[in-house]
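Notes for the one structure printed next.
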């Protein structure tokens with residue numbers, strides 16, 4: 001279709017050039033934007049990786065600190081367990097006045113005691129004790145040096161009663177009386193022998209009581 | 001390298017026409033072979049109001065906002081220059097001259113045009129286009145001259161209004177493009193486009209969609225209103241209302257309008273000589289038609305002169321192109337809505353006279369738009385033609 005444009009040629013050329021310049025400007029801006037996108041994306045990823053690495057280092061430091069705390073707490077735990085064992089052992093100890101009273105009550109008339117002792121007389125050495133339930137903590141800086149030396153006190157397992165009786169039946173009567181107290185799980189007459197002393201003839205007995 | 005928006009999203013430049021009484025704007029959208037008039041706006045203003053062609057300019061703030069509010073996209077506008085701001089001269093140039101270097105041809109045409117034009121003093125912008133070849137001595141180019149100062153003023157004003165003027169076209173070419181899209185030209189026919197403006201009526205005669213003759217053919221709507229006002233002793237406003245509502249009626253006259261598509265010989269332009277032309281209807285007398293008849297009596301002389309000038313123009317073009325036949329006449333412009341005018345012209349000329357509205361329903365019409373009775377398509381011919389970007 002026929003068309004004319006009365007706008008002077010110079011103006012049209014200028015407008016065309018201006019339009020092209022704008023088009024190129026827009027195109028370059030768009031291309032620049034498109035080119036910037038992957039760069040910015042890469043940069044953002046790098047920043048993200050850097051942040052994550054920093055976070056990882058922080059976590060590792062925290063982990064190390066937590067491990068140290070755990071080791072220290074393990075030592076404390078061991079110490080507390082030892083104290084707990086000792087407390088339990090002490091709680092298991094009998095009241096010797098009560099034991100002696102029962103033995104005296106159970107002793108027949110005219111009999112007398114020569115000795116009263118426990119077996120073992122002292123706690124067993126550490127090597128004989130069973131291993132603790134928790135594993136021994138690794139050597140840490142806060143571990144006390146005498147922690148391993150603290151052993152709980154052991155209660156006596158047996159009671160040995162030795163004495164003299166004027167009659168042979170009296171040791172057996174003593175055993176029966178001790179059994180009747182229900183304080184011991186087992187009462188055994190180990191020995192009952194006749195001895196002649198300056199005061200007369202007596203029976204020396206040796207009774208073993210087990211809790 | 002050019003970057004183009006996909007066609008379906010692209011909108012045309014805004015066609016702007018700041019006429020004597022009406023401001024019109026149009027923007028089109030391409031859908032395959034069709035053109036969709038996505039935006040059509042018109043608003044009337046008083047003739048004294050400043051126009052974009054004036055250096056003082058319209059209200060700068062409101063103008064662009066008005067376009068934006070009306071839903072127009074972009075800032076690119078195309079403007080038109082109409083007669084008498086642009087002067088057309090038929091040129092009969094030696095073929096040797098037209099075949100030489102375009103710059104030399106332009107210079108030669110400029111020399112010839114400056115010699116022939118009468119209206120413009122000072123610097124002028126001159127454009128021309130080739131006319132279809134003929135086997136008789138006839139003009140082979142049509143030149144158009146427009147004053148440089150008025151073009152510069154238009155450009156400055158549009159710039160001040162925040163718009164970018166991409167083209168200042170001839171209104172005649174815009175209207176011929178509008179006619180082409182509305183209804184493709186029939187082969188071997190001479191088509192006319194009659195622009196009934198406010199002050200002046202202009203005829204564009206086209207061959208194969210190329211304007212071969214552009215000329216003022218008579219009075220515009222304002223003169224007709226004044227004639228009615230003088231004849232009926234009414235105010236101009238009342239006369240305008242009467243004119244628009246009742247139009248003209250030729251009582252007792254058979255309407256002799258050739259059916260569309262029929263071949264019309266040159267002699268048929270004479271309304272007296274051919275009583276054998278098909279009679280489509282007979283106008284009956286009634287109060288309404290009598291008022292129309294009264295109005296017609298008031299403007300009879302002007303309309304007869306108009307018909308006579310159109311006939312003369314057709315005859316001239318047909319004499320230049322003897323192998324062609326007279327085709328249809330399309331009425332555009334604000335005055336095209338005058339009721340029964342197309343019947344009168346059809347009767348007087350004996351050729352199909354069409355209104356743009358009628359062509360919209362045609363299968364070959366490549367324009368789609370929605371218009372109303374109060375906002376007919378006729379007035380948008382120039383702005384739609386400006387917005388067409390084929």
query: Just one of A:21, A:15 is closer than 30 Å to residue B:126 by Cα, in a helix (DSSP H, G or I) and touching a strand residue (DSSP E or B) at 6+ places or on another chain (Cβ under 8 Å); which is it?
result: A:15
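To keep it simple, each residue is scored yes or no on (1) touching a helix residue (DSSP H, G or I) at 6+ places or on another chain (Cβ under 8 Å); (2) buried (at least 16 other Cβ atoms within 10 Å of the Cβ); (3) at positive phi; (4) facing another protein chain (nearest Cβ under 10 Å).
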site	(1), (2), (3), (4)
B:94	no, no, no, no
B:103	no, no, no, no
B:126	yes, yes, no, yes
B:141	yes, yes, no, no
B:158	no, yes, no, no
B:168	yes, yes, no, yes
B:196	yes, yes, no, no
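Where in the range B:1-87 are there strands (runs of 3 or more DSSP E), lying fully within it, with 2 or more residues that are at pLDDT 75 or above and out of contact with any helix residue (DSSP H, G or I) (no Cβ under 7 Å at 6 or more places or on another chain)?
B:22-31, B:34-44
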- prompt: Has the range A:34-51 got at least one residue that is under 30 Å from residue B:166 (Cβ atoms) and either more than 14 Å from every other protein chain (Cβ to nearest Cβ) or over 20 Å from the mean Cα position of the chain (by Cα) (or both)?
  reply: yes
task: Please work out if residue A:4 is within 14 Å of chain B (Cβ to nearest Cβ), in contact with a helix residue (DSSP H, G or I) (Cβ under 9 Å, 6 or more places away or on another chain) and surrounded by 10 or more Cβ atoms within 10 Å (Cβ to Cβ).
output: yes
message: Being within 19 Å of residue B:191 (Cα to Cα) and not in a loop (DSSP other than H, G, I, E, B) is the filter here; which residues of the range B:336-351 pass it?
response: B:336, B:341, B:342, B:343, B:344, B:345, B:346, B:347, B:348, B:349
message: With modelled with pLDDT of 75 or more, over 24 Å from the mean Cα position of the chain (by Cα) and not in a helix (DSSP H, G or I) as the only criterion, which of B:291, B:234 stands out?
response: B:234
task: Taking the residues in the range A:102-121 that are under 41 Å from the mean Cα position of the chain (by Cα) and surrounded by fewer than 12 Cβ atoms within 10 Å (Cβ to Cβ) as candidates, determine which candidate is modelled with the highest pLDDT.
output: A:120
query: In the range B:355-390, which residue that is crowded, with 22+ Cβ neighbours inside 10 Å and out of contact with any helix residue (DSSP H, G or I) (no Cβ under 7 Å at 6 or more places or on another chain) is nearest to residue B:311 (Cα to Cα)?
result: B:380
- prompt: Here is a list of conditions, (1) under 25 Å from the mean Cα position of the chain (by Cα); (2) more than 13 Å from chain A (Cβ to nearest Cβ); (3) surrounded by 18 or more Cβ atoms within 10 Å (Cβ to Cβ), and residue B:174 meets all of them except one; can you say which number that is?
  reply: (2)
message: For the range B:177-193, give me each residue that is in a helix (DSSP H, G or I) and within 12 Å of another protein chain (Cβ to nearest Cβ).
response: B:177, B:178, B:179, B:180, B:181
- request: Please verify whether the range B:313-334 includes one or more residues that are under 28 Å from residue B:28 (Cα atoms), part of a helix (DSSP H, G or I) and at pLDDT below 90.
  value: yes
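The values are calculated or read from the model by the stated rules, or taken from the named source; none is laboratory data. Computed from a predicted structure; not experimentally measured. With ideal geometry, Cβ positions are generated from the backbone for all residues, glycine too; neighbour counts draw on all protein chains shown.
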